[in-house]
Structures are given as C-alpha cells and as structure tokens.
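What follows draws every value from the coordinates through simple rules; no lab data is involved. Being a predicted model, the structure only gives us computed values, none of them experimental. Counting neighbours? That spans all protein chains shown, and the Cβs are built from the backbone with ideal geometry, glycine included.
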C-alpha cells in the first residue's frame, strides 16, 4: 500500500509517521515535498504534524496554499483516504477540505498530555475497525487545538455524521469537545491527537491497541478496495 | 499612482471567546486601579504598503488580497481595513 507523507517546511512528525506506517503496519510510505506534484500511485495520503511555516499568520494557512494541496484536493474528490494529524488537520481546515477552524487553546498554553477520545463515526477509512463510542487513549501536542465551528455548521456536522472523534472531557475549549472531523464523503479525516505517537506499546503507557486500529482501519479499507 | 499604508485589523467575531483579551482585562487591568475598563479584545494587525491610484483602490485591493489568500478566517474573524497616505 503506497502512502504519501506530505512534508512542508516546518513539519516535524513526518518521520514518526513514516516509521509507524512502514515499520509497524508494513505499508509503503513515501515522503512528498510540498512544492512537487503528488505521485500518482498513492492509495492514501497523510499530512503529519508540526509547525509548517512556523505557524505564521495562522496555523496551517500558508501550507494550505502549497502547490501539492491542489493535488490533494483532486484525489480527495476521487475518494482516496486522506488523514491530517495536528498541523495536518489545521492545513486541511485552512485549505477548505474540512470545515471549521483551529484556534488557540483556551488556556493559551501549548498542551502536551494524554487525552481520551471517543469514536463518534466508525464509517471512515480510519475508524472502520472501531466500535462506536470506543475509547482511545492518545496524546495531544498543540498550541492551536481548539476546534471551532459556528452553531449552524455544528448542526450540519452532527446531521451528516462528520464528527469522528470527541474528547471525553473538556480539554481545550473545542466546540462540543470535537477532536476530529471528516468531510461529507468521509474519506478526508482530520484529528488533533497523534495516533503515530500511540500505536506502539513501547511508547504508549496506557493501551496502544485503539490507536493501532486507526492504521489497521486504513489497511482494511485499502485491502477492501484492492 | 502613489504609496498608501493600509492597516488590516483581524479580530474575533463577537461571541467568540478571546482568552488573551480576558486575561489582560481580569488579571492585569482590573487588578490595578483602572476599574472603568469593561472589555479588551486582542487583535492582529498587518500593515501593508501598496502602490495604487487612490486610497480607496488601495483599500479595496488589500481587501481582495485578504479574501483571496484567506489572510483571515471568515468563520471566526472579522477584518477592519483602514488606508492612510504613506
């Protein structure tokens, strides 16, 4: 399975993501530099975390104008699974592929801690191996993680089942404790927490299995397509 | 053609929480002797210098740039644009 890991100036979770995709889940990842075209043979794309362009202007907004994002939009329309983690989520939101915006955490602090998610939508390519409401112990590491949508958009997200993950308690002031959402078709998913930092027992003191299911869901989805 | 300075102020829409503004108000200003202050909103300002035919066209060009490049996110922010002679 060919997975593109998009690298922007300031990405810093790209190698962790590459390692987990290749060494843990035996996929075939490749780095894709932001100003080059996206390779054509990809089964999935991941936008990893980091601080693209130093979060200047607003987290993710400058990277959202990168040439490669035009290609990401094209393959998103084709239904190819796309996952944005942390800064990758911010970039997907700022590029218009996902609704909403990520604001500074209510505390104004950079938050680096373990959270618990609940799975709200188990139909996406990254959650199809979960039970609904299943818990995921997973770390966050961000300064701008407060997901915000206006009331009207929030109702739409609920109606169209676009809320994928919620925190099980108030973490950073996100609308309805939302930690991850998807597009209407469900193939583009963005989440603030870091599954690549939680999918191995060596680095997860709680339980690495739930985070592993995010990657195993992708394997199941692509396997089903092939 | 002339040079104009155009100031773009980006701030949260009313009703969207501004924890930094609240902290400045509650933990700095109101802890001092300035009890007449009731609200502080933080904002980001970008100062453009642009060559255009008039102050008005300078202003509208900058607004166009802001909208095209998502300089502000219209879901959460509003912009105020002011133009001045350079």
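Hey, for a label at residue B:20 modelled as a point 7 Å past Cα toward Cβ, could you say which residues of region A:79-96 have their backbone N under 20 Å away? Answer for this model: A:87, A:90-91, A:94. Secondary structure note: in the protein assembly as shown, about 70% of the DSSP beta bridges are antiparallel.
How many times 2.2 N^0.38 Å is the alpha carbon radius of gyration of chain B?
Details: Rg = 16.2 Å, N = 86, 2.2 N^0.38 = 12.0 Å.
Cα Rg divided by the expected 2.2 N^0.38 Å: 1.36.
Residues considered: A:132, A:213, A:21. Largest GNM mean-square fluctuation over chain A, using C-alpha springs under 10 Å, is found at A:132.
Extending 7 Å from Cα along the Cβ direction at residue B:35 and again at residue B:74 yields two label points whose distance is 4.5 nm. Can you classify region A:93-208 as rounded, prolate or oblate using the Cα gyration tensor, where a ≥ b ≥ c are the square roots of its eigenvalues, rounded means a/c under 1.5, and otherwise it's prolate if a/b beats b/c and oblate if not? It comes out oblate by the Cα gyration axes. In terms of its C-alpha gyration tensor, chain A comes out rounded, because the ratio a/c of the largest to the smallest axis stays below 1.5. Considering only B:33, B:51, B:23, the mean-square fluctuation computed in a Gaussian network model of chain B, springs between alpha carbons under 10 angstrom, is largest for B:33. Per-residue extension of 0.36 nm, minus the Cα-Cα distance of residue A:207 and residue A:78, leaves a gain of 43.0 nm for this segment.
In chain A, the DSSP-assigned H stretches of four residues or longer account for a calculated mean residue ellipticity at 222 nm of -6500 deg cm²/dmol, using -39500 (n - 2.57) per stretch and the full residue count as denominator. Springs between Cα atoms under 10 Å define the GNM used for chain A, and in it the highest mean-square fluctuation of A:87, A:41, A:208 occurs at A:41.
Overall form of region A:28-85: prolate. Here a/c, set by the Cα gyration tensor axes a ≥ b ≥ c, is 1.5 or more, and a/b is the larger of a/b and b/c. Taken as Cα centroids, region A:186-226 and region B:1-57 sit 42 Å apart, rounded to the nearest whole angstrom. When the helices of chain B are scored as -39500 (n - 2.57) per DSSP H run of n ≥ 4 and the total is divided over every residue, the value at 222 nm lands at -7000 deg cm²/dmol.
Using Cα pairs under 8 angstrom and six or more residues apart, how large is the relative contact order of region A:95-226, in percent?
Numbers: 265 pairs, mean separation 38.9, N = 132.
For region A:95-226, the relative contact order is 29 percent.
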